[in-house]
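Structure first, then comments.
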Amino acid sequence: MMSTFALILFITSLFIQITFIFIKIGNIKNIAYYFLLVISGILLAELTMRSIAIKFVALTNIYESLLFFSAIICLLIFIFNNKAKEMAHPYINLIGTVIAFTLFALTSSPIASDVIKPPVPALQSHWLILHVSFSFIGESFFVLGFGAAIMYLFSKNEERKVHIDKLMYTAITLGYIIFTVGALIFGAVWAQFAWGRFWAWDPKETFALITWLIYTLYLHFRFIKKIDNKITAIIVIVGFLMTIFTFFGVNFLTSSVHSYK
Amino acid sequence: MIKLITFLKSMKLAVILISYLIFSFILASIIPQNMPLDYYENIYPGFVSWIIVKSHYNSFFTSLLFLIPITVFFINLLLCTISRFRKEIKKEGKRNFGPDIIHLGILIILVGGLISFLTRTEEFAYLGPGDSVDLPGNYQLRLASFDILKYNDDSIKDWISTVEILQYNTVIYTGEIEVNKPLSLGVYKVYQNSYQIDATVYLKKEDDKLVKVKKGQGYKKDGTVIIFAGLEEIKDGDTLTKKVVFEEWDNTKRINKKILDINDKIDKYTVHNFSNRKLSGLSFILDLGIYPVWTGLVVFFLGLAWTFMQKIGVEATAKRS
């Protein structure tokens, strides 16, 4: 029931946002962003109910991860549009909404079982909450950065490009810090408590590090004066694609101690 | 010399090294690591498997392809951090040490990683209740009890090993080990790694001698192999009774399965008795690198927090102005 309501809101929000791009009717697009806030609330409420059922924070499988990731992206778009209006951009918000919707849609696919199961012993740790939540919050900022990078490459207006570049840099910087803390620091600490080693070059760990290195490259490229911002925008796109591969590809294509389906 | 140092601390070198690490890590994650050599010959074309093995890409993280670039990266980061820190100190106005603290944290972590690589030892043992292992310094670890907790749907909830530490046969400490809750014994840590059910059946021969057969063991018979497959709980009315399971295999195919009770016959043997012990899988780890890595992680975290607060402050100031 809740999922159906979220689906309707998603489709409506997308419809409004797309319509607004062609027909600018007042502030109708803001309704779309309020819908995203409601969607975020619904998805987080579902996670809360699942958490109560298993007596543990429900971030222990792909289904719950997809719900959380989608919820945070929606929340972030709403916050950016309300609190940082000067940086928000309807096309970037639309790209973010499409990604959030795609992640939500995947919860109905065979890759994500919605069976409510209590966590296996390895996942029974408070570090799970910190590691997974911070990682996805950081990656949600990467989604905005990805949207900004796409817009940067397609935009021909130089003034708008400066504005989009600033949004891209802000989103990536904030996301980078949160992702580093969640994915690398909290992940390493948890691994030490669970498996007796901070790092083992497990495929999931290595691809998370690769993702981090790509965004590190982006941040350091910005210090090289002669670098064309198009190159940094492409790096941001590659970084996001690697983020998605780290989430999905590693789970299904490699053998990893992180494969919790 | 100055040109060399300038190059070694340059942003361009950092970018080159990071780019190299990205591409090489991708390859190293796709190519299975530390497998037997014939594994690569079987799954890759001849020339590709030759390149992988000759270049040591099959054990990338201990090869020169990794160790040399990471050493150069360490030097680059160290020189860059020192140079940047000196510039920030001399700066008038607001100084930003966040990135320097981040870089310092990474350097400490890399040092910790090297110490870990050189000093880490890991031993593993399956222990049943009453079993013990020797530890350095005249200590012993004995498993007092091992509990497997289950959820209502019979899936595993937790494994709890209650252990006793003995010195000169005297118990000096009793503690519990669970997944995510290791036991610290000075520089050693003991981790709950896994568990196993150790099924053993005792078969009586025709001369009344007993033969102990562990799960997976068996004997040959007329071109086939009879293997003790373990114990199964079979419903007998309202009760569950443990039965002994033997399987007959013809090369790679199972052709027969027998479920037996005590005193049942199988070929020239009689099932005399069986035991079913729960074994706790414990890892014993010594790693001196964890101390600098912990330090590095804390410093790294502080650097990120500083940078984050500074970033928020800059954004707020820009908004106000």
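The values are calculated or read from the model by the stated rules, or taken from the named source; none is laboratory data. On a predicted model such as this, the values are computed, not experimentally measured, just so you know. Cβ atoms come from the backbone with ideal geometry, glycine included; neighbour counts cover every protein chain shown.
Screening residue B:81 on (1) surrounded by fewer than 17 Cβ atoms within 10 Å (Cβ to Cβ); (2) more than 13 Å from chain A (Cβ to nearest Cβ) shows it passes everything except condition (1). Each residue in the range B:1-43 was checked for being outside any helix (DSSP H, G or I), among the β-branched types (Val, Ile, Thr) and more than 21 Å from residue B:63 (Cα to Cα), and 0 of them qualify. Scanning the range A:17-46 for residues that are farther than 15 Å from residue A:73 by Cα and crowded, with 18+ Cβ neighbours inside 10 Å returns A:17, A:20, A:29, A:46. Of all the listed residues (B:190, B:171, B:225), the sole one being of a type in the set (Val, Ile, Thr) and crowded, with 17+ Cβ neighbours inside 10 Å is B:190.
Taking the conditions (1) over 30 Å from residue B:277 (Cβ atoms); (2) surrounded by fewer than 16 Cβ atoms within 10 Å (Cβ to Cβ) in turn, residue B:136 satisfies each one other than (1). Among the residues examined, residue B:317 does not qualify as out of contact with any strand residue (DSSP E or B) (no Cβ under 9 Å at 6 or more places or on another chain), among the polar types (S, T, N, Q) and under 30 Å from residue B:186 (Cβ atoms). Residue B:283 meets the stated requirement of being within 30 Å of residue B:132 (Cα to Cα) and within 11 Å of another protein chain (Cβ to nearest Cβ). In this structure, does residue A:59 turn out to be of a type outside the set (Gly, Ala, Ser) and either part of a helix (DSSP H, G or I) or touching a strand residue (DSSP E or B) at 6+ places or on another chain (Cβ under 7 Å) (or both)? Judged against the criteria, residue A:59 is not a match. Answer yes or no: is there a residue in the range B:260-277 that is within 13 Å of another protein chain (Cβ to nearest Cβ) and among the polar types (S, T, N, Q). Within the range B:260-277, none of the residues are within 13 Å of another protein chain (Cβ to nearest Cβ) and among the polar types (S, T, N, Q). Condition check for residue A:200 on (1) closer than 29 Å to residue B:29 by Cα; (2) under 19 Å from the mean Cα position of the chain (by Cα): one failure, at (2). Within the range B:12-40, which residues are over 22 Å from residue B:56 (Cβ atoms) and either aromatic (Phe, Trp, Tyr) or surrounded by 15 or more Cβ atoms within 10 Å (Cβ to Cβ) (or both)? The answer is B:13, B:14, B:15. Of all residues in the range B:177-187, exactly one satisfies the criterion of being surrounded by fewer than 19 Cβ atoms within 10 Å (Cβ to Cβ) and hydrophobic (A, V, I, L, M, F, W, C), namely B:187.
Pairs meeting the criteria (first residue in the range B:298-315 and in contact (Cβ under 8 Å) with a residue 24 or more places away in the chain, second residue of a type in the set (D, E, K, R), beta carbons under 9 Å, at least 6 apart or on different chains) are B:303/B:100; B:310/B:94.
Sub-6 Å Cβ pairs linking a first residue in the range B:115-126 that is within 14 Å of residue B:187 (Cα to Cα) to a second residue that is surrounded by 13 or more Cβ atoms within 10 Å (Cβ to Cβ) and among the β-branched types (Val, Ile, Thr), at least 6 apart or interchain, are B:122/B:285, ordered by first then second residue. Selection over the range B:263-295 of residues that are assigned to a loop (DSSP other than H, G, I, E, B), at negative phi and surrounded by fewer than 20 Cβ atoms within 10 Å (Cβ to Cβ) gives a count of 3. Restricting attention to the range A:128-135, does a residue exist that is closer than 24 Å to residue B:301 by Cα, out of contact with any His (no Cβ under 6 Å at 6 or more places or on another chain), within 14 Å of chain B (Cβ to nearest Cβ) and surrounded by fewer than 19 Cβ atoms within 10 Å (Cβ to Cβ)? Yes, the range A:128-135 contains at least one residue that is closer than 24 Å to residue B:301 by Cα, out of contact with any His (no Cβ under 6 Å at 6 or more places or on another chain), within 14 Å of chain B (Cβ to nearest Cβ) and surrounded by fewer than 19 Cβ atoms within 10 Å (Cβ to Cβ). Just so you know, in the range A:66-85 the residues that are touching a helix residue (DSSP H, G or I) at 6+ places or on another chain (Cβ under 7 Å) and among the polar types (S, T, N, Q) include one that is surrounded by the most Cβ atoms within 10 Å (Cβ to Cβ), and it is A:70.
Per the listing B:74, B:61, the residue uniquely within 14 Å of chain A (Cβ to nearest Cβ), surrounded by 15 or more Cβ atoms within 10 Å (Cβ to Cβ) and either assigned to a helix (DSSP H, G or I) or of a type in the set (Gly, Ala, Ser) (or both) is B:61. Any chance the range A:148-170 includes a residue that's surrounded by 18 or more Cβ atoms within 10 Å (Cβ to Cβ), in a helix (DSSP H, G or I) and at the interface with chain B (Cβ under 9 Å from one of its Cβ atoms)? Looking through the range A:148-170, at least one residue is surrounded by 18 or more Cβ atoms within 10 Å (Cβ to Cβ), in a helix (DSSP H, G or I) and at the interface with chain B (Cβ under 9 Å from one of its Cβ atoms).
When the range A:198-209 is limited to residues that are facing another protein chain (nearest Cβ under 7 Å) and surrounded by fewer than 22 Cβ atoms within 10 Å (Cβ to Cβ), the one that is nearest to residue B:190 (Cα to Cα) turns out to be A:201. Assessment of the range A:107-121 against the conditions (under 16 Å from the mean Cα position of the chain (by Cα) and at pLDDT 90 or above) yields at least one matching residue. Taking strands (runs of 3 or more DSSP E) as the structural unit, those lying wholly within the range B:122-217 and holding at least 2 residues that are within 14 Å of chain A (Cβ to nearest Cβ) and among the β-branched types (Val, Ile, Thr) correspond to B:156-167. Note on the range A:192-213: among residues that are farther than 15 Å from residue B:183 by Cα and of a type in the set (Gly, Ala, Ser), the one that is modelled with the lowest pLDDT is A:200.
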